[in-house]
Number of protein chains: 2
Amino acid sequence: MATRVPPQPESVRKLPRQQRSRATVDTIVEAAARVLARRGWAHFTTNETASTAGVSIGSIYQYFPNKLSLAEEIRNRHLDAVLAAIVVPDESDASITLEQRAAALIDGVVAAHSVDQRLHRVLLDEVPLAARSAQDVFEAEYLRRYQAVIAAAAGRADPERDGIAGRVLSGAVEGVIHAAARHGELQSPVLRAELIGLACAYLHSLSGH
Amino acid sequence: MATRVPPQPESVRKLPRQQRSRATVDTIVEAAARVLARRGWAHFTTNETASTAGVSIGSIYQYFPNKLSLAEEIRNRHLDAVLAAIVVPDESDASITLEQRAAALIDGVVAAHSVDQRLHRVLLDEVPLAARSAQDVFEAEYLRRYQAVIAAAAGRADPERDGIAGRVLSGAVEGVIHAAARHGELQSPVLRAELIGLACAYLHSLSGH
DNA sequence: TCAAAATGTGAATAGAAGCTCACATTCTAT
DNA sequence: ATAGAATGTGAGCTTCTATTCACATTTTGA
């Protein structure tokens, strides 16, 4: 996990200036991520985070104004890692078939959901939202990719319908992937094939009227 | 909301025997559902439930051994209501088209998700699972309906593939509906049409090839 | 070298909330 | 009518945990 400059804009807390404190902050965030994944948000405590990190509770509050800000830092780092897992294919290459585009899209989303699944689930549906800056970037990146595929499929552009189609397709793909993740089948090639089949069937129906 | 016999099997608590106490239990559960929907699981408190119900905190613990058992009772009642919203079409009538079957399925699932949406979301992704007995019935009922439609679509029966297809279709439909619910578009006819289109496109691709 | 800044410590504080229990009230059956 | 069961009450006990603060240690820069 890369070192980031963590604390929040309005944070009254110190910024880590020396190498030593930057390492401490990283240790804290990594330990916190492990505790959060293991216990869930409801039983995520700052004291357990401190002892897991081998650090005094006070050290956490040197750099994080409260428990939530710690979780938000974890989320920011995690979503960075998730986005990094997505491989973007060349969108302007006309020689790529629709099937290939759909496959690349789905592989990217699967890869994104393969990064620390338990932590991902806790971060997305347990930790309160507050300022969801990173989450927006995250969703925007997804949307961009879906719309590229849809634009390629539907030769003509009906922006109104394409927008809805994008939301339908993304909802469908995410739904299938979340269900698969719950059953531990995210890596199943049969599922991958069936999901690509679903996407292609829908995409073809958009152009063929 | 119908009166049910609530407390858990292993509960050391009393069963409500008189009319008066049955009414008290109903009042408690209804108030608890309101509090849970309003505050979310993290800020759902037994004291607020008691004051909202106009009942002493002690009365709650007469019938519920702990906070979680109260939430589980709410979930049981809610899922009953959700299942009741699903209209089941005649599965043996061969004169019904695939489009009509898909539409009936989707309308049923949408109706199920239209029952007390906020509470539904909190119950499904905030309240801890523990013994998820009712949730299993709930999912099994869904699965049954998806498989009926898939069996009708794919003339021949390839049980292996049909099973996966069922999970893919249900994941997709649920995903789209959850996304729509988040954006408050559950009642949109455009979305309904597009979702039916998605389902039909996939179903046709199963038989044709 | 040494003073000031940065960093680290953990006992103690404070508040929230689950749950108990001794007691009061109401209902049922005889 | 009345005893005993069922029901209802709410102050307060207990546990948990976020956060503070007075202090100790380490690093930096001159």
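Taking the Cα centre of chain A as origin and charging only Cβ (+1 Lys, Arg; -1 Asp, Glu), how large is the dipole, in debye to the nearest 20?
Working: 23 positive and 24 negative charges, 188 e Å.
Computed charge dipole of chain A: roughly 900 debye.
Within a 10 angstrom radius of each residue's Cβ in A:191-203, how many Cβ atoms of other chains show up on average? Whole number is fine. Write down the numbers at each step before the final one.
Working: counts 4, 0, 3, 9, 4, 0, 7, 11, 4, 3, 11, 9, 1.
Mean number of neighbouring Cβ atoms from other chains: 5.
Ranked highest first by the average count of other Cβ atoms within 10 Å around their residues, in what order do A:72-78, A:88-94 fall?
Details: A:72-78: 22.6, A:88-94: 10.4.
Averaged packing, sorted descending, gives the order A:72-78, A:88-94.
With only Lys, Arg, Asp and Glu charged, each at its Cβ (+1 for the first two, -1 for the last two), find how big the charge dipole of the protein assembly as shown is about the Cα centre; round to the nearest 20 debye.
Values: 46 positive and 48 negative charges, 363 e Å.
Once rounded to the nearest 20, the dipole reads 1740 debye.
Closest to the B-onto-A rotation axis, which residue of chain B has its Cβ, and how many Å off the axis is it?
Closest to the axis: B:Gly175, 1.
Working from Cα positions, state the angle (0 to 90°, nearest 10) between the long axis of helix B:98-113 and the longest principal axis of chain B.
Approximately 20 degrees, to the nearest 10.
Along the charge dipole of chain B, Cβ charges K/R +1 and D/E -1, which of B:Ser59, B:Val29, B:Pro128 sits furthest on the positive end?
Farthest towards the positive end: B:Ser59.
Using a 10 angstrom cutoff on alpha carbons, build the Gaussian network for chain B and name the most mobile of B:Thr49, B:Thr24, B:Thr97.
Comparing B:Thr49, B:Thr24, B:Thr97 in a Gaussian network model of chain B, the most mobile one is B:Thr97.
If the reach is capped at under 20 angstrom between alpha carbons, list the lysines near A:Lys14, excluding any in the same chain fewer than eight residues apart.
A:Lys67
I need to check one value: relative contact order of chain A, counting alpha carbon pairs closer than 8 Å and at least 6 residues apart, in percent. Let's see the in-between values first.
On the way: 171 pairs, mean separation 41.4, N = 209.
This gives 20 percent for chain A.
Only the coordinates and a few stated rules stand behind these numbers; no lab work does. From a predicted model like this one, the values you see are computed outputs, not experimental measurements. Backbone-built Cβ (ideal geometry, glycine too); neighbour counts: all protein chains shown.
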